[in-house]
1. Filter region 55-69 down to residues that are of a type in the set (S, T, Y) and either closer than 17 Å to G15 by Cβ or within 11 Å of the chain's Cα centre (by Cα) (or both), then give me how many there are.
2. Given the condition of a type in the set (S, T, N, Q) and out of contact with any Leu (no Cβ under 6 Å at 6 or more places or on another chain), answer yes or no: does some residue in region 65-72 qualify?
3. What pairs can you find where one residue is in region 1-28 and under 12 Å from N44 (Cβ atoms), the other is of a type in the set (S, T, N, Q) and exposed (fewer than 11 other Cβ atoms within 10 Å of the Cβ), and their Cβ atoms are less than 6 Å apart, with a gap of 6+ or different chains?
4. Identify, please: which residue in region 56-69 is loosely packed, with under 14 Cβ neighbours inside 10 Å and in contact (Cβ under 8 Å) with a residue 12 or more places away in the chain and is, among those, farthest from D2 (Cα to Cα)?
Amino acid sequence: HDPSEQRGATGPLRGVILQDQYLQAIEGATPEERSQHLQNATSNAWYYNDHINISFIKVFDYSPYISIQVEYV
């Protein structure tokens, strides 16, 4: 993300929409905890790492066409 972007509770992103389904951001006390939750996720998920200013999105791609949309704060 650009350092000048506005931030909310989940960083610069308000939400992630995958194939018309809204994905809830992973919650956790620390970026390391959120990262572990993402690693263990068995479905599509995302989180914001405030230490390095990056959003990570995990997608299980079972389709020849996929649409990912992000909403900014």
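1. Total meeting the criteria: 2.
2. yes
3. Q19/S67
4. S63
Every read-out reported here was derived from the displayed coordinates using simple, explicitly stated rules and does not represent laboratory data. Quick caveat, the model's predicted, so the values are computed rather than measured. Ideal geometry is used to build each Cβ from the backbone, glycine not excepted, and the neighbour counts take in all protein chains shown.
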